[in-house]
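Okay, structure first, notes after.
The values are calculated or read from the model by the stated rules, or taken from the named source; none is laboratory data. These figures come from a predicted structure and were not determined experimentally. Please note: Cβ atoms are built from the backbone with ideal geometry, for glycine as well, and neighbour counts cover all protein chains shown.
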Amino acid sequence: MKKKIHWLFCFFVLSLQAQEIYVVNSINEIKLINTQSLTVTNLVTVDVLEVGYITDIAFTPDGTLYAVTNGWQIFEIDTSNGEASLITDLPIADPYTALVSNADNQLLTSRTFSEELYSYDLNTGMLELVDNNISSPGDFTFYKGYLVYPNILNDFIKAYDGNSIINIGCSIPLVYTFVNDFVDCETNNIYAFDQFANLYRYELETENFELIAEFFDQTGLLNGGATQTEWLASDCPVEPLETVLCIPLGTKNFNLYGITLKSNPVENTIEFEFTNPMELSYSLFNAEGRLIMEGSIDNNSFSASRLNTGIYFLQLTNIAGLNVFEGKIIKK
């Protein structure tokens, strides 16, 4: 009964703050975007020298803001002045790029390439490995009791119920912010930002999404985001969801930068096709998320002859340091 009363009180208070998405950009500026008026408010800047670069943010039920960083740490962020307090260190490996809180005051994050989901309990201070094969290049949120996220390949929106994973939406490329502006268990306003601050509205359990606004001039490049209500969706009853195929997104033409792999699995060479030729660098990670190769793309390819048979994770960046392609590589 006490939990129900607390839930209803939180819902009443937070419903007053609906239609607001908090975002963090590539230089640790935290901003507030109103999805109704499409306005941007500058809030605070968190010192990069103190915490590193923030990769995602999340609100807990008591309204406290937390951030995960590229330095494998979670911080509490004071939204009045940007001051940061270290909460915990995470296992050092590949980047942690997603963060969300559930109704039990647990922060969920994952190692991007090794696809390990972790839970940090703010009540007990315990860090626990929850499951494998769960990862996002950008963000987690909750929807009808499920943990939902754009997956590592940015092709599907995945839903995890604690046991199994299903596809419930189609992902645009490079989704770095994925949030639920929660109203009730049947009314979920799902929004996504890509790296360039284009705002999309999603209709999960279908293949539908739409571009509704562009904010790059006001926000710059975005790393992550959160709403103050998304944790409420973690307390909804878990019921079967409709799954999707996302066939249109499997075509070669659906790529923000016009980059596709010529073949996968690969043998001795990793080759690409480019709609718009550009100067690119590559980083290749093994299944544990450790960097094993990096260099420049030459003649639309690079050698894979030194790789052992297995699965690898590939990132391509342009001369400005922006991620323009991410995907799994299978070496024969």
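Here's the yes/no breakdown for (1) touching a Phe, Trp or Tyr at 6+ places or on another chain (Cβ under 7 Å); (2) touching a residue at least 40 places away in the same chain (Cβ under 8 Å):
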position	(1), (2)
Ala287	no, yes
Asp298	no, no
Ser305	no, no
Asn318	no, yes
Val324	yes, yes
Lys328	yes, yes
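Take the conditions touching a Ser or Thr at 6+ places or on another chain (Cβ under 7 Å), β-branched (Val, Ile, Thr) and surrounded by 22 or more Cβ atoms within 10 Å (Cβ to Cβ) and apply them to Val148. Does it pass? Spelling it out, Val148 is indeed touching a Ser or Thr at 6+ places or on another chain (Cβ under 7 Å), β-branched (Val, Ile, Thr) and surrounded by 22 or more Cβ atoms within 10 Å (Cβ to Cβ).
Given the criteria among the hydroxyl-bearing types (Ser, Thr, Tyr), modelled with pLDDT of 90 or more and either out of contact with any strand residue (DSSP E or B) (no Cβ under 9 Å at 6 or more places or on another chain) or not assigned by TED's automatic domain parsing to the domain that holds Glu20 (or both), does Ser281 qualify? In short, yes. Taking the conditions (1) in contact (Cβ under 8 Å) with a residue 40 or more places away in the chain; (2) within 26 Å of Ser26 (Cβ to Cβ); (3) in contact with a Gly (Cβ under 7 Å, 6 or more places away or on another chain); (4) not in a strand (DSSP E or B) in turn, Met278 satisfies each one other than (3). The listed residues are Ile92, Ile74, Ile168, Ile134, and the only one of them that is touching a residue at least 60 places away in the same chain (Cβ under 8 Å) and among the β-branched types (Val, Ile, Thr) turns out to be Ile168. Please indicate, with yes or no, whether at least one residue in the stretch 177-191 is free of Cβ contacts under 8 Å to residues at least 12 places away in the same chain, surrounded by fewer than 20 Cβ atoms within 10 Å (Cβ to Cβ), more than 19 Å from Phe113 (Cα to Cα) and of a type in the set (A, V, I, L, M, F, W, C). The answer is no, given that none of the residues of the stretch 177-191 is free of Cβ contacts under 8 Å to residues at least 12 places away in the same chain, surrounded by fewer than 20 Cβ atoms within 10 Å (Cβ to Cβ), more than 19 Å from Phe113 (Cα to Cα) and of a type in the set (A, V, I, L, M, F, W, C).
Here the condition is being within 26 Å of the chain's Cα centre (by Cα), at pLDDT 90 or above and either over 19 Å from Pro173 (Cα atoms) or among the hydrophobic types (A, V, I, L, M, F, W, C) (or both); of Glu294, Glu271, Glu288, it holds for Glu294 alone. The single condition from (1) touching a Leu at 6+ places or on another chain (Cβ under 9 Å); (2) more than 27 Å from Asp194 (Cβ to Cβ) that Ala58 fails is (2). Within the set Lys252, Lys262, the sole residue that is modelled with pLDDT under 80, basic (Lys, Arg) and more than 28 Å from Ile27 (Cβ to Cβ) turns out to be Lys252.
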